[in-house]
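The block underneath contains the structure these notes are about, expressed in structure tokens.
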Amino acid sequence: MNNALFQAHSQEAGMFRTKRVYATAAPEDGFRVLTDRLWPRGLTKEAAAVDLWLKDVAPSTELRNWFKHEAPLWPEFQVRYRLELQTPERQAALAELHRLEEEHGTVTLLFAVREEVQNHTQVLMAELKDKA
């Protein structure tokens, strides 16, 4: 399996993974959570096999439009997104992800962008690990 396509963070209570939403769903994905603000283009709800669409954990539209997945902006994006994750609504969404991990064991954080390494789910994974 391609390491850039699939990354995991294991904890005693369960595990968080990241995966591109366009990749085929697999039983080992566990509970699948779409973490994007926008629905992925050209993908039906059935094909996506998403259990929950958690828009509140996604970067703001302003931050997403500023970043545009330009590699030189990646360090600053991480700082800005982690600041956004401190807002009450995003803290509630992070708590929901931890609850889902406790309930289901494995939670896969889904994203649509082609960039599989420098995307918001990597920052989200770090935040979830820090708050564990």
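A compact table of results
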read-out	value
Residue check for residue 96: in contact (Cβ under 8 Å) with a residue 12 or more places away in the chain and over 25 Å from residue 22 (Cβ atoms)	no
Candidates 74, 66, 39, 53 - the one that is at pLDDT 95 or above, among the aromatic types (Phe, Trp, Tyr) and surrounded by fewer than 15 Cβ atoms within 10 Å (Cβ to Cβ)	66
Condition met for residue 103 (under 22 Å from residue 15 (Cα atoms) and not in a loop (DSSP other than H, G, I, E, B))	yes
Residue that is surrounded by the fewest Cβ atoms within 10 Å (Cβ to Cβ) [pool: residues in the stretch 106-132 that are assigned to a helix (DSSP H, G or I) and polar (S, T, N, Q)]	122
Candidate set from the stretch 20-36 (those that are among the aliphatic types (A, V, I, L, M) and touching a residue at least 40 places away in the same chain (Cβ under 8 Å)); member that is surrounded by the fewest Cβ atoms within 10 Å (Cβ to Cβ)	21
Residue among 90, 80 that is modelled with pLDDT of 95 or more and either within 13 Å of the chain's Cα centre (by Cα) or among the acidic types (Asp, Glu) (or both)	90
Residue in the stretch 60-83 that is of a type in the set (A, V, I, L, M), in contact with a helix residue (DSSP H, G or I) (Cβ under 9 Å, 6 or more places away or on another chain) and touching a residue at least 40 places away in the same chain (Cβ under 8 Å) present	no
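The values are calculated or read from the model by the stated rules, or taken from the named source; none is laboratory data. Please read all numbers here as calculations on a predicted model, not as lab measurements. Please note: Cβ atoms are built from the backbone with ideal geometry, for glycine as well, and neighbour counts cover all protein chains shown.
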